[in-house]
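Remarks on the structure that follows.
Throughout, read-outs are computed from the coordinates displayed, never taken from laboratory work. Computed from a prediction, not measured in an experiment: that's the story for all the values here. All Cβ positions, even for glycine, are placed from backbone atoms using ideal geometry, and neighbour counts span all protein chains on display.
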Amino acid sequence: MLEKGMQAPDFSLVDKDGNIVSLSDFAGKKVVVYFYPKDNTPGCTRQACAFAAAYGEFEKRGVVVIGISKDGVASHAKFAEKYGLPFILLSDPDLTAIKAYGVWQEKKMYGKTVMGVARTTFIVGEDGMIEEVMPKVNPDTNAGDVLALL
């Protein structure tokens with residue numbers, strides 16, 4: 001997994017509306033990039049809704065919020081519409097950014113070892129360097145924890 005002080009890998013992925021979004025599009029801005037396992041699951045929904053509830057605070061601070069999972073564009077569009085998510089959701093079905101950030105990891109599910117996305121949040125500075133890495137975040141407190149660090 002990437003560490004604080006490292007260059008954040010650039011990515012170009014498709015958002016919920018079919019537009020290509022790159023991390024480099026936000027050069028000069030602070031960006032919160034959070035990786036989550038799956039749309040419409042309990043933890044991921046609580047995490048997304050917490051970011052949505054705090055979105056005004058992120059906007060006031062000029063901070064861009066990007067959520068990334070391997071779900072498809074249509075899934076992201078439904079997820080965003082259902083919960084009124086105002087921030088960017090990117091689809092990474094080929095695991096390009098997920099692997100570049102080191103969040104594709106072994107996980108234990110129902111006693112079996114499987115590969116999946118480790119719920120992780122990165123704060124990327126205006127210069128493109130990683131300012132904070134938050135592994136194994138709590139979906140209920142992640143947005144508030146990020147705001148406290150900003």
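Numbers below:
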item	result
Share of pairwise Cα separations in region 58-109, more than 12 Å, in percent	69 percent
Excluding exposed DSSP-loop GluC sites (Glu not before Pro) (at most 16 other C-beta within 10 Å), longest clean stretch of the chain	4-125
Glu132-Ala100 pseudo-label distance in nm [points 7 Å out on the Cα-to-Cβ vector]	2.3 nm
Cα-based Kirkwood hydrodynamic radius, the chain, one decimal, Å	15.2 Å
DSSP bridge pairs, the chain: antiparallel proportion in percent, nearest 5	70 percent
R0 of 22 Å, Cβ-Cβ distance Ala74-Ser22: FRET efficiency to nearest 0.05	0.55
Cα-based reach from Lys38 at 16 Å (exclusive), listing aspartates and glutamates while leaving out same-chain residues under 8 positions away	Asp15, Asp71, Glu81, Asp92, Asp94, Glu106, Asp140
Over 28 Å (Cα to Cα) - which of Lys78/Lys99; Lys30/Lys70; Lys82/Lys136; Lys60/Lys107; Lys4/Lys82 fall in this group	Lys60/Lys107; Lys4/Lys82
Share of Cα-Cα pairs in region 94-150 lying beyond 18 Å, as whole percent	44 percent
